[in-house]
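Below you'll find the structure, written out as structure tokens, and then a few comments.
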Amino acid sequence: MKKILLLSDTHSYIDSRILHYVDEADEIWHAGDIGDLKVTDAIEALKPLRAVYGNIDDDKARATYPLHQRFNCEGVSVWITHIGGYPPKYNINTRDEIKSNPPQLFICGHSHILKVIPDKKNGVLHMNPGAAGKHGFHKVRTMLRFTLDSGNIENLEVIELGKK
């Protein structure tokens, strides 16, 4: 079993509230728009990190992290990318792959809108953790926390970090 903390759209912002939740997790996943790599450095100093770059990320972030991450964790197939759409409106870069080789868990950032949507047609659970940073139109900073155990996604929680 692994406890996962999922965040996105930090836009160079990291604080003690985020790091408190980082410390409680086994692994951290960042769905892009990292901003300054001091964010990922602070996370990686505490816990293992899987991350992708987003549309605002510079060449340093793009050289460090991929655009897509596909992997298996605790029996769950996962795909993380920054801009991927959501069920049933996946974008052109993800739509065909989701139909032909769907992950069990599809994670995106970008919208700054927290969403968890089951895609029953493709057998995929879509997650977007919203935005943990202070830049953007969102009103409340959010993350998601859940556990992966023997092929199951369990104990999903929304973490509200307060107003930006």
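The values are calculated or read from the model by the stated rules, or taken from the named source; none is laboratory data. This structure is a prediction, so every number in the text was calculated from the model and none was measured. Cβ placement follows ideal geometry from the backbone for every residue including glycine, while neighbour counts extend to all protein chains displayed. All accessible areas refer to the heavy atoms of the entire protein, side chains included, with ligands and DNA or RNA removed. Shrake-Rupley method; radii C 1.70, N 1.55, O 1.52, S 1.80 Å.
Quick look at the values:
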{"item": "Surface share of carbon and sulfur [accessible, 1.4 angstrom probe, percent] for the chain", "result": "50 percent"}
{"item": "Given charges at beta-carbon only (K, R positive; D, E negative), |dipole| of the stretch 25-164 in Debye", "result": "560 debye"}
{"item": "When each of 47/89; 38/164; 3/115; 2/121 is checked by Cα-Cα distance, pairs over 25 Å", "result": "47/89; 2/121"}
{"item": "Segments 14-20, 50-56 sorted - mean Cβ within 10 Å per residue, highest first", "result": "50-56, 14-20"}
{"item": "Per-residue HN-Hα couplings for the stretch 97-110 [Karplus 6.51, -1.76, 1.60; θ = phi - 60°; Hz; x = Gly/Pro]", "result": "5, 5, 5, 8, 9, x, x, 6, 10, 10, 10, 9, x, 6"}
{"item": "Theoretical FRET efficiency, 1/(1+(r/R0)^6), r = Cβ-Cβ of residue 163 and residue 115, R0 30 Å, to 0.05", "result": "0.95"}
{"item": "222 nm mean residue ellipticity, helices alone, for the chain (DSSP H n ≥ 4; -39,500 (n - 2.57); rounded to 500)", "result": "-4500 deg cm²/dmol"}
{"item": "The stretch 1-87 - share of DSSP beta bridges that are antiparallel (%, nearest 5)", "result": "45 percent"}
{"item": "Net charge over other residues, Cβ less than 14 angstrom from the Cβ of residue 137 (K, R count +1; D, E count -1)", "result": "+3"}
{"item": "Heavy atoms of residue 79 accessible to a 1.4 Å probe, total area in Å² rounded to 10", "result": "10 Å²"}
{"item": "Placed amide H near residue 90: partners under 5 Å, 5+ positions off or other chain", "result": "none"}
{"item": "Accessible-area order (highest first, 1.4 angstrom probe) of the listed residues 139, 164", "result": "139, 164"}
{"item": "DSSP-defined beta bridges in the chain - what % are antiparallel, rounded to 5", "result": "70 percent"}
{"item": "Net charge contributed by nearby residues that have their C-beta within less than 15 Å of residue 36 (K/R +1, D/E -1)", "result": "-4"}
{"item": "Net charge contributed by nearby residues that have their C-beta within less than 12 Å of residue 154 (K/R +1, D/E -1)", "result": "0"}
{"item": "Per residue value of the accessible surface for the stretch 10-164 (all protein chains in place, 1.4 Å probe), Å²", "result": "48 Å²"}
{"item": "Mean projected area in nm² (Cα convex hull; one quarter of hull surface) for the chain", "result": "8.6 nm²"}
